[in-house]
Amino acid sequence: MQQRVAPLARPASVALVAALLVCAAVAWLITISQAGSIGMGGMAMLSAGLFLVTWLVMMVAMMFPSVAPMTLTFASFSRSRGEGYLPAALFVLGYIAVWTVSGLVPLAVQQAVTQIWMTPPSWLPRAGGAVIIVAGIYQFTPLKDTCLRACRSPLGFLLTHNFSAGLPAAVKAGASHGIYCLGCCWALMAVLAVIGLMNIAWMAVIAAVFFIEKNGRRGELLPRAVGVACVLAGLAVAAWPAILAGPAPM
């Protein structure tokens with residue numbers, strides 16, 4: 001039997017969205033401060049624990065605005081079951097846990113590069129260009145479409161996944177949505193890793209892309225446009241590696 005879902009009262013909806021946006025704003029301020037203190041290339045110098053904390057703060061800054069509609073929908077579900085608002089908080093916890101764990105991948109890559117090469121090899125910029133090309137191609141794949149559909153339809157996502165009730169189920173639901181969100185966004189996060197994880201301008205651009213493609217009326221067209229841009233940018237890097245190599249040392 002399908003559960004009847006009553007929308008949240010307006011004050012509760014406003015408070016929930018405001019909480020997510022405040023968290024995102026604080027995370028942006030912290031990230032901007034960190035970028036100024038450790039520099040664009042400083043992520044590679046961080047310890048594993050500090051790297052993951054920094055990554056977590058970045059994900060809160062970039063992802064919380066776009067996850068608000070899904071969180072509101074889940075809060076409506078939990079309130080309709082008489083569970084209060086705590087499940088919504090645990091939903092967000094499960095969601096951000098997935099993104100935190102995903103930070104192990106860029107951490108491993110950066111530590112491997114740092115330990116193996118004290119001086120980056122000449123082919124490294126071209127490898128970065130290849131990553132950007134692959135990210136662009138991914139924007140056209142069925143997997144990208146599947147993950148984006150799950151992110152664009154909060155009600156459909158929750159109706160087609162049996163998360164049952166209770167606090168553990170709330171964490172599971174958040175983690176499940178986090179996996180779909182990761183499937184939707186990992187390629188552009190890989191591009192960000194190539195051009196600089198602490199590049200605030202590109203962080204803002206990519207965060208805006210995430211928000212529009214998940215919540216815009218014609219957001220399904222944006223991944224294709226971004227895909228074309230990434231492929232062209234990757235080809236440009238392959239042809240002119242100095243684009244990523246940066247200025248020559250003094």
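Just so you know, all these numbers are worked out from the coordinates, no wet-lab data involved. Since the structure is predicted, the reported quantities are computational estimates derived from the model, not experimental observations. Note that each Cβ is placed from the backbone with ideal geometry, even for glycine, and that neighbours are counted across all protein chains shown.
If we keep just the residues of the stretch 121-142 that are outside any helix (DSSP H, G or I) and touching a helix residue (DSSP H, G or I) at 6+ places or on another chain (Cβ under 6 Å), which is surrounded by the fewest Cβ atoms within 10 Å (Cβ to Cβ)? Quick ask: steps written out before the conclusion?
Of all residues in the stretch 121-142, those outside any helix (DSSP H, G or I) come to 121-123, 139-141.
Now narrow it down to the ones that are touching a helix residue (DSSP H, G or I) at 6+ places or on another chain (Cβ under 6 Å): 139-140.
Working: Gln139: 22, Phe140: 13.
It comes out as Phe140.
Within the stretch 116-127, is even one residue in contact (Cβ under 8 Å) with a residue 60 or more places away in the chain and within 21 Å of the chain's Cα centre (by Cα)?
Within the stretch 116-127, not a single residue is in contact (Cβ under 8 Å) with a residue 60 or more places away in the chain and within 21 Å of the chain's Cα centre (by Cα).
Given Ile206, Ile195, which one is in contact with a Phe, Trp or Tyr (Cβ under 8 Å, 6 or more places away or on another chain), crowded, with 17+ Cβ neighbours inside 10 Å and more than 14 Å from Phe74 (Cα to Cα)? So that I can check it myself, show each step before the final result.
Numbers: Ile206 fails: in contact with a Phe, Trp or Tyr (Cβ under 8 Å, 6 or more places away or on another chain).
The conditions single out Ile195.
Residue-by-condition table, conditions (1) in a helix (DSSP H, G or I); (2) out of contact with any helix residue (DSSP H, G or I) (no Cβ under 7 Å at 6 or more places or on another chain); (3) farther than 22 Å from Asn199 by Cα:
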| site | (1), (2), (3) |
| --- | --- |
| Met62 | yes, no, no |
| Pro69 | yes, no, yes |
| Phe77 | yes, no, yes |
| Glu83 | no, yes, yes |
| Phe91 | yes, no, yes |
| Ala97 | yes, no, yes |
